[in-house]
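Undergrad: Just passing along the structure, written as structure tokens.
The values are calculated or read from the model by the stated rules, or taken from the named source; none is laboratory data. If you're wondering where the values come from, they're calculated on a predicted model, not measured in any experiment. As a convention, Cβ positions derive from the backbone with ideal geometry for all residues, glycine included, and neighbour counts pool all protein chains shown. Just the protein is used for accessible areas: all its heavy atoms, side chains included, with ligands, DNA and RNA removed. Shrake-Rupley method; radii C 1.70, N 1.55, O 1.52, S 1.80 Å.
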Amino acid sequence: MIKKRRQENQDLPSAKSKSLTAKASSNKNTTIPSKTNINAGHVSELFEAGEYKATVDLLKSYEISENNRPNSNNIRFYDILIECFFHIKEFKKAIDCSNSVLKIDPKNLMILAKKASSQRMSGATSQAIRTLEEALAISPNNPALLYNLGNALQDNKEIERALNTYQASITAGNSSPECYRNYGSLLLEERRYNEALAIASEGYEKNMQDIKILILFTDCLCIQQSYDKAYSIICARSKPNNDKDAALLYAMRSQCLDGLGDKKESINLAEEADLLDPNNTHIKFQLASLYTYNGHLDKSKDILEQIIKKDLLNFEAHRRLSHLTRYSSEHYHYKQLRALYNKQVNQLGDDHLKLLHFALAKAAEDSKEFTEASFHLAEGNRLVNIDAAKHFNFSDWMQTAFKHLEIDRIFCAKPEMIKDKTRGNNMVFIVGMPRSGSTLTENILSMKENALDLGETNAFQIAVDHLEEKKILSAEMLDKLYELYFSRLNIKPTDYSLITDKSLYNWRFAGLIMHCFPGAKIIHSYRNPLDNMLSIFKAFFPLGNEYAFDLESIFKVYQLQAQCMNHYKKRHPNQFINSCYEELVSNPQASIKKLINYLGIEWSDYFLRPEQSNRKVSTTSSVEVRQPIHSKSIKKWEQFSQLLQPYADEFKRLGYEID
């Protein structure tokens with residue numbers, strides 16, 4: 001499912017943990033203290049029933065408490081007391097009791113592990129790491145200790161060490177689903193998709209009855225667009241014994257069918273999942289996204305308002321709701337967001353604060369409070385970019401772009417390698433920068449009868465990556481690319497009158513596309529570069545757009561894209577169509593007719609009403625495309641000139657038209 005995955009925090013070792021008790025200190029025993037006749041059976045009964053507060057009270061009556069000193073005869077009961085304190089979130093008491101036990105039994109692994117868990121949950125992550133390292137010095141390669149250390153390192157943002165430690169725990173014999181889930185989820189967050197899939201697959205093989213490891217495995221498959229395989233695995237799963245697990249399976253089936261294009265059944269399954277587990281916020285977010293993508297905006301707002309009503313501090317719900325709302329200065333939600341910011345700004349962590357900044361930026365802009373909007377927009381992006389910048393390397397973008405310019409040059413010099421010059425004659429590839437009007441263009445073309453819009457599929461890039469190692473520039477390579485592309489899409493091109501592929505970053509492979517599909521057309525979608533930069537900066541993009549949170553990076557990528565497109569247009573003048581956003585929205589009738597005529601499509605007035613399309617739109621333009629064509633976004637950058645003026649000056653110097 002598309003969300004940030006929460007680390008499994010239930011890592012407190014139980015008194016029954018074999019991997020720790022096997023090497024615990026020999027001083028630990030079950031002797032009943034002679035001073036007080038403890039009813040050990042009653043203590044165990046309450047503890048095993050999860051009555052932790054009652055267990056604490058009972059132990060206190062036996063003088064087993066944080067205010068009494070343990071001895072070698074009653075450590076067993078202090079062990080139980082510490083675990084009870086953990087579960088009732090009395091972490092300081094758990095730590096204090098642990099320290100008391102460790103004074104007389106310093107090598108007690110169980111107590112060291114519980115102390116570390118309490119330290120971690122109280123926010124003392126660095127101390128938890130030191131405690132676990134102390135325990136591992138006593139018992140090297142202990143799988144449970146390594147797992148707990150991996151969790152603490154992840155909390156401490158020591159990502160590479162955390163990944164290595166999870167792997168060490170598995171190598172040492174830890175086959176628990178929790179370890180595989182945390183390991184695989186962290187790999188996903190780090191965009192290491194192939195490694196995540198391998199770990200999730202291994203974890204699933206060892207824990208086939210665990211619902212959450214199944215969800216992680218199929219989620220990894222969906223990220224790689226293997227929706228058919230993921231769906232078959234989910235459907236083969238026997239019906240769970242409880243509603244919560246059933247809800248997870250329905251939600252995952254919904255995600256698979258959404259990827260396969262069955263939007264109606266996808267929504268039905270997500271609605272069923274929400275009914276089965278109405279308290280699962282992730283399922284509600286999934287359902288809200290499906291409603292938004294498919295044009296049911298009011299239903300999406302209702303779901304998000306439900307989440308906020310239950311949890312006012314759910315800032316992801318606030319951010320999403322802001323995207324669906326038109327604000328004035330007196331709007332209740334704008335006032336609510338401002339109040340939350342004024343009250344919570346110094347208490348919130350960056351993950352929550354960045355979401356609040358983006359929500360406030362949208363509300364302030366709608367209310368024409370542009371100075372306030374600029375502040376929140378800059379701060380929200382700054383916080384996101386702390387992590388995103390680690391995953392963006394402009395040199396890699398340049399290397400990919402220049403390499404494919406050279407491949408295009410080689411193919412252009414050998415036209416005899418192009419066998420079938422009509423191949424792809426019902427295909428249109430839309431390329432350019434995000435937020436350049438490309439979704440509007442695709443929506444217009446989707447009004448053609450029997451047209452198929454693929455959206456932002458990465459099928460061509462995957463096909464290119466598959467052949468990358470071979471580096472064989474031949475007619476056979478082009479044939480293979482063609483086969484891999486449609487195999488990935490699982491469609492027959494002859495079944496449709498028109499196929500549109502709006503994978504915008506295909507501008508890097510535009511020449512190769514032209515040679516692979518010589519009958520196709522490429523539409524280059526572009527707009528005023530400053531409006532384009534602003535729109536990207538406001539978008540809060542998902543994975544794969546890591547440059548989008550830094551204006552300097554956006555500026556560089558925009559220029560690279562523009563320069564590459566200029567080269568390709570000179571080499572393939574008859575296959576490119578320019579689609580200028582400003583012309584499209586200022587004079588839609590003339591611009592759309594010109595576009596349709598150039599593509600050789602029979603005219604219909606439906607093309608002038610793209611907002612009536614019932615297609616799914618799962619991009620950041622999912623709200624805008626439901627509105628009639630308008631020109632409100634032209635020159636909007638001037639309202640944010642305090643952020644963009646330096647780039648306006650630079651674009652002018654480079655010869656761009658920005659007025």
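Undergrad: Any aspartates and glutamates with Cα under 19 Å of the LYS593 Cα? List them, leaving off those in the same chain fewer than 8 positions away.
TA: List returned: GLU442, GLU449, GLU582, GLU583, GLU602, ASP605, GLU611.
Undergrad: Once the piece of chain linking LYS652 and HIS466 is laid out straight, how much longer is it, given 0.36 nm per residue of separation minus the C-alpha distance between them?
TA: 62.9 nm
Undergrad: Distance check, please: which entries in LYS492/LYS556; LYS114/LYS229; LYS521/LYS632; LYS263/LYS419; LYS310/LYS362 exceed 32 angstrom between their Cα atoms?
TA: LYS492/LYS556; LYS114/LYS229; LYS263/LYS419
Undergrad: Order HIS296, HIS357, most accessible first, counting only protein heavy atoms with a 1.4 angstrom probe.
TA: Highest to lowest solvent-accessible surface, that is HIS296, HIS357.
Undergrad: Let me ask something additional. Please determine, in degrees from 0 to 90 and to the nearest 10, the orientation of helix 332-344 with respect to the longest principal axis defined by the Cα atoms of the chain, where the helix direction is its Cα long axis.
TA: Result, in degrees: 50.
Undergrad: To continue, here is another question. Where the centroid of each part is defined by its Cα atoms, how far is region 280-312 from region 219-269 in Å?
TA: 19
Undergrad: So which GluC sites (Glu not before Pro) in region 400-456 pass both tests, a DSSP loop state and at most 13 other Cβ atoms within 10 Å of the Cβ?
TA: GLU449
Undergrad: Once neighbouring chains are kept in place and the probe is 1.4 Å, which whole percent of the accessible area of region 333-491 is contributed by carbon and sulfur?
TA: Taking all protein chains in place, region 333-491 shows 49 percent carbon and sulfur surface.
Undergrad: Once neighbouring chains are kept in place and the probe is 1.4 Å, which whole percent of the accessible area of region 74-139 is contributed by carbon and sulfur?
TA: Carbon with sulfur: 49 percent of the solvent-accessible area.
Undergrad: Let me ask you something else. Defining a contact as two alpha carbons under 8 Å apart and six or more residues distant in sequence, what relative contact order in percent does the chain show?
TA: Relative contact order, the chain: 9 percent.
Undergrad: To continue, here is another question. Per residue, how many Å² of accessible area does region 201-289 show with a 1.4 Å probe?
TA: The answer is 46 Å² per residue.
Undergrad: GLU483 versus LEU275, label points 7 Å from Cα toward the beta carbon: distance in nm?
TA: 4.6
Undergrad: Leaving out ligands, DNA and RNA but keeping every protein chain, what accessible area does THR281 have, in Å² rounded to the nearest 10, with a 1.4 Å probe?
TA: 50
Undergrad: While we're here: Would you calculate the separation in nanometres between label points at ASN346 and ALA49, each defined as 7 Å from the Cα along the Cα-to-beta-carbon direction?
TA: Output for this residue pair reads 4.6 nm.
Undergrad: I'd like to check one number: the per residue accessible area of region 417-548, probe 1.4 Å, reported in Å² as a whole number.
TA: Ligands and nucleic acids excluded, the result is 35 Å² per residue.
Undergrad: Moving on to the next point. What value, in deg cm²/dmol to 500, does the helix sum -39500 (n - 2.57) over DSSP H runs of n ≥ 4 give at 222 nm once divided by the residues of the chain?
TA: Helices in the chain give a 222 nm mean residue ellipticity of -18500 deg cm²/dmol.
Undergrad: Run the numbers for TYR193 and ARG161: contour at 0.36 nm per residue of separation, minus the present Cα-Cα distance, in nm.
TA: 9.7 nm
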